[in-house]
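Right, one structure below, let's go through it.
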Amino acid sequence: MANREHLTLLKAGAVTWIEWRKKNPQIEPDLSAANLQGNNLRGANLQGVNLRRVDLGNALLVRANLSGADLSSANLYKAFLNEANLSDANFSVANLSGAILTQADLSHANLIGADLSQVDLRGAAIASANLIGTDLRNANLRDADLGAAKLMRTNLSFANLIEANLIAADLSEASLYEAEMLGAYLYKTDLYKANLNKAHLTSAYLLRANLSEADLSQADLSWANLRSANLAGANLRGTNLRGADLRGANLSGVNLHEAIMPKRMSEKF
């Protein structure tokens with residue numbers, strides 16, 4: 001449970017809280033399980049604070065510093081975290097559904113099993129974050145940086161990943177059903193056994209990506225760069241490959257039934 005003194009100081013206002021933290025740098029604030037629903041904590045310094053199971057639903061945390069904080073099992077439903085510093089924070093099994101995280105810094109954060117459905121992460125920095133098993137259905141990740149992020153078995157169905165950076169990210173066995181990935185950067189991305197059924201990958205950069213055994217049926221890969229990509233055993237049934245660059249790609253065991261092939265390759269199949 002939250003330390004009553006710490007909670008009182010936080011609710012006394014930003015000036016009081018900041019001054020107390022500066023005078024007592026050795027104290028680790030405990031706000032666990034506190035009810036802060038709807039509170040205005042804009043720009044608050046909550047770095048390294050114990051916020052386990054805290055209720056921050058609809059709270060205003062714009063530009064707040066939550067780096068290294070423990071928010072495991074916390075409720076941040078529809079919270080406003082625009083431009084917040086959430087680097088290295090622990091959000092395991094937290095509820096962030098519907099939260100606004102535009103241009104927030106989530107680099108190296110732990111989001112294992114968290115609910116991020118319908119979140120707004122446009123332009124967010126999520127590089128090297130752990131999102132294994134995370135629910136990102138209908139999330140807006142346009143222009144987000146997910147470089148080297150762990151997204152194994154993550155649900156990204158209907159997500160907006162237009163021009164997102166997923167270079168060297170691990171999306172093995174992830175669900176990207178009908179995801180919008182136009183112009184996304186997927187260089188050396190691991191998409192082993194990923195579900196990309198009906199995904200929109202027009203002009204996506206998939207150079208040297210691993211798509212082995214992935215389901216790309218009815219996906220749109222028109223004008224995508226698939227040079228040297230590994231497509232061994234992938235399902236490309238009904239896939240649109242018009243204008244796609246498949247030079248050097250591994251197509252062994254690929255199902256190309258009813259696929260729309262690039263002109264220069266159509267006579268080979």
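The values are calculated or read from the model by the stated rules, or taken from the named source; none is laboratory data. Remember, it's a predicted structure, so these values are computed and weren't measured experimentally. Neighbour counts are summed over all protein chains in view; Cβ atoms, including those assigned to glycine, are modelled from backbone coordinates with ideal geometry. Note: accessible area is taken over every heavy atom of the protein model, side chains too, but ligands, DNA and RNA are not part of it. Shrake-Rupley method; radii C 1.70, N 1.55, O 1.52, S 1.80 Å.
Dividing the convex hull volume of the alpha carbon atoms of the chain by its residue count gives 84 Å³ per residue. Length gained on full extension, ASN35 to LYS23, computed as 0.36 nm times the residue gap minus the Cα-Cα distance: 1.8 nm.
The mean sequence distance of close C-alpha pairs (under 8 Å, at least 6 residues apart), as a share of the length of the chain, puts its relative contact order at 7 percent. For the chain, the longest principal axis of the C-alpha atoms and the axis of helix 14-23 are separated by about 80°. Cut-off 10 angstrom, C-alpha nodes, Gaussian network model of the chain. Which of ALA33, ALA104, ALA159 fluctuates the most? Top of the fluctuation ranking is ALA33. Taking GluC sites (Glu not before Pro) in DSSP loop conformation with at most 12 other Cβ atoms inside 10 Å as exposed sites, the chain has its longest uninterrupted site-free stretch at 1-257.
Under 8 Å for C-alpha pairs, at least 6 residues apart: give me the relative contact order for the range 179-266, rounded to a whole percent. Computed value for the range 179-266: 23 percent relative contact order.
Principal semi-axes of the equivalent ellipsoid, √(5λ) from the alpha carbon gyration tensor of the range 1-135, are 23, 14, 14 Å from largest down. The modelled label-to-label distance between THR8 and ARG42, using points 7 Å beyond Cα along the C-beta direction, is 2.8 nm. With all pairs of different C-alpha atoms in the average, the Kirkwood value for the hydrodynamic radius of the range 122-230 is 12.8 Å.
How high is the relative contact order of the range 77-137, given as a whole-number percent (alpha carbon pairs under 8 Å, six or more residues apart)?
Normalised by residue count, the contact order of the range 77-137 is 33 percent.
Residues MET261, MET1 ordered from highest to lowest accessible area at a 1.4 Å probe: MET1, MET261. Solvent exposure of PHE80, expressed as accessible area, is near 90 Å², computed with a probe of 1.4 Å over the protein chains only. Take SER73: with every protein chain present and a 1.4 Å probe, its accessible area is about 60 Å². Give, as a single signed number, the net charge of other residues whose beta carbon lies under 14 Å from the beta carbon of ALA169, with Lys and Arg counted +1 and Asp and Glu -1. Neighbour charge sum, excluding ALA169 itself: 0. With Cα atoms defining each centre, the range 1-66 and the range 196-264 are spaced 49 Å apart in the structure. Using all pairs of distinct alpha-carbon atoms, the Kirkwood hydrodynamic radius of the range 77-125 works out to 10.3 angstrom.
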